[in-house]
Structure formats: C-alpha cells, structure tokens
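**Student:** Below are the structure tokens for one structure; questions will follow.
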Amino acid sequence: MYKWFAFLKEQYIADVVAYVIMPNHLHAIVHFHKAGFNLNTIIANGKRLIAYQIIDRLENKRNTEMLSRLQNLVTDREKKKGQLHKVFKESFDAKAIYSQRFLLQKINYTHNNPVSGKWMLAKDFVEYIHSSASFYEIQLVRVFPAIALFEFVDFQNGKCRSFIIYTLKCILRRGSTIGT
C-alpha cells in the first residue's frame, strides 16, 4: 500500500494528505498538483500494484486457502485477459474536496475509522500505526509521511484538485492486513 503512495508522488506529482489502511479497504485524501490526470487509470494502476503485493505476500506465507478463494473470484472474461486473482472490488468512490470544512470532515472520518463501528483496531485513533492521524495530532510520522494540505491550497478559487478516495474495498478475509 505504501508503495502506491510513493508511486503517486513520483508518477503523478501527488501528495497523500491523510490516510488510513484498514484490514479490507483504505481511505486516502490525495492532492494532485497538476490537472489532466485520469483518476480511473490511477486507481486501476494502484489496485494492480497493491494486488501484486498482496498475492506475493500470500504466496510467501503459503496461504493456499486464501489464494484459492481469490482465484475462484476471477470471471471467465478476466481469465481470458490473463488475470489470476480477484483482489479488489471493481468500483471505488471519490469525491472532490473544494472547502476546508469538507476537508476537515473527511480527515476526521478517515482517522477515526480504526476505532469506530466493528473495527476497534486501537484504543485511540492516534495509536493506529497505518494512519496519518499521529502526524496531525502529535506531529509523529509512523510509517508514511502525509503532507498538511492547509498550507498551500487556496479554496477560494474553486480549483482545488484534491480528492477523497474511500471505500477501495479489498476482497480478503477479515483480519488480513493489506498495508503491512
């Protein structure tokens, strides 16, 4: 997962503003510095990169049960194209961020995801390692450095090119981690 974040920076001149990597999905706020990008292509490439990493990890762990499950999800049409495993769901959700209020709402939602609902992956959202929450709350980078968007985005001009990308669902059994 972190390789995809680095790839975004290098390939698309994009910064990860906030993120959380959950057992079966991720939430990320990404700021693209240049217009003209194709979000569908970026997400497709990201899914492919992450899927290869997940499959590689499962093969190294010799998790034949999960590999078999992911193979059985591949449709005949996908098999003809050479796809061996079905790791991600087809769709993703993305929303443009045009206001500081909406940005703060999405950052808070993203960072609180590990301690809400069924997850409870940490006692405090700041403690969850696969999140940028500690960067915002206590100025500590745990795994991947986020960049504070507030410093350089002008929301007044209506041309903020930031997107909230969320519910990128990964088809893995509960308890598997996709970001480590």
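**Student:** Once phi is turned into θ = phi - 60°, what whole-Hz ³J(HN,Hα) does the Karplus curve with 6.51, -1.76 and 1.60 give for every residue of segment 9-15, x standing for Gly and Pro?
**Tutor:** Coupling constants for segment 9-15: 5, 6, 7, 10, 6, 10, 10 Hz.
**Student:** Right, here's the next one. What is the extension gain from Asn63 to Gln11, computed as 0.36 nm multiplied by their sequence separation minus the C-alpha to C-alpha distance, in nm to one decimal?
**Tutor:** Numbers: separation 52, 0.36 × 52 = 18.72 nm, distance 3.22 nm.
Working it through step by step, the gained length comes to 15.5 nm.
**Student:** In addition: Between Tyr98 and Trp119, what is the spin-label point distance in nm, taking each point 7 Å from the Cα along the Cα→C-beta axis?
**Tutor:** Placing both labels 7 Å beyond Cα along the Cβ direction yields 2.8 nm.
**Student:** Right, another one. Using unit Cβ charges (K, R positive; D, E negative) and no other charged atoms, how large, in debye to the nearest 20, is the dipole of segment 2-169 about its Cα centre?
**Tutor:** Roughly 620 debye for segment 2-169.
**Student:** Express in nm, to one decimal, how much length is gained between Ala44 and Ile129 on full extension, taking 0.36 nm for each residue of separation and deducting their alpha carbon distance.
**Tutor:** Details: separation 85, 0.36 × 85 = 30.60 nm, distance 2.56 nm.
Length difference between fully extended and current span is 28.0 nm.
**Student:** Now, a different point. Radius of gyration and Dmax for segment 2-169's Cα atoms, expressed in Å?
**Tutor:** Spelled out, the Cα radius of gyration and Dmax of segment 2-169 are 17.1, 53 Å.
**Student:** Hey, if you put +1 on the Cβ of every Lys and Arg and -1 on every Asp and Glu Cβ in segment 2-169, which of Leu58, Tyr2, Gly82 ends up farthest toward the positive end of that dipole?
**Tutor:** Gly82
Read the figures in this text as sums done on the coordinates, not as results from a lab. Computed from a prediction, not measured in an experiment: that's the story for all the values here. Because the Cβ atoms are built from the backbone with ideal geometry, glycine has one as well, and the counts that use them run over all protein chains shown.
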